[in-house]
């Protein structure tokens, strides 16, 4: 009997993205996007993004048209000089994750914190009053 196995292509902590950036002029690799855990409580949605080794100053979080975007961009420079040669290399590390927000999220009260390599974004809920439109139409 055959067994069905699903594989997830989520990055792990052993992914090169999480290690020290290496500049290589012969190989241009694109880093993976960090994994995000989403949990719902009675009062909020909470996003936990695994991003160890990043600087919180380089993290950008914004909300536009009910879309939450978490982005990171960092530039790495390397310079090596000896008597016979001079090498200057640079590289960029970046990622971007976007999430469509439900109508129950209060976008004005979103909070974020970066602690021990985990970016935690709290999306507080609000009650959305659904207007039930009932209209009786007279038959002429």
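Brief remarks follow.
- FRET efficiency estimate (nearest 0.05) - Cβ-Cβ, residue 140 to residue 61, R0 41 angstrom: 0.15
- Segment residue 41..residue 132, full-extension length gain: 30.1 nm, with 0.36 nm per residue of separation and the alpha-carbon distance subtracted.
- Square roots of 5 times each gyration tensor eigenvalue, C-alpha, the range 27-140, largest first, Å: 46, 17, 10
- Contour minus Cα-Cα distance for residue 83 and residue 69 (0.36 nm per residue): 0.4 nm
- For the range 80-140, the equivalent ellipsoid derived from the Cα gyration tensor has semi-axes of 57, 18, 6 Å, listed largest first.
Every number here is computed from the coordinates shown, using simple stated rules; none is lab data. None of the values given here were measured: they were computed from a predicted structure. As a convention, Cβ positions derive from the backbone with ideal geometry for all residues, glycine included, and neighbour counts pool all protein chains shown.
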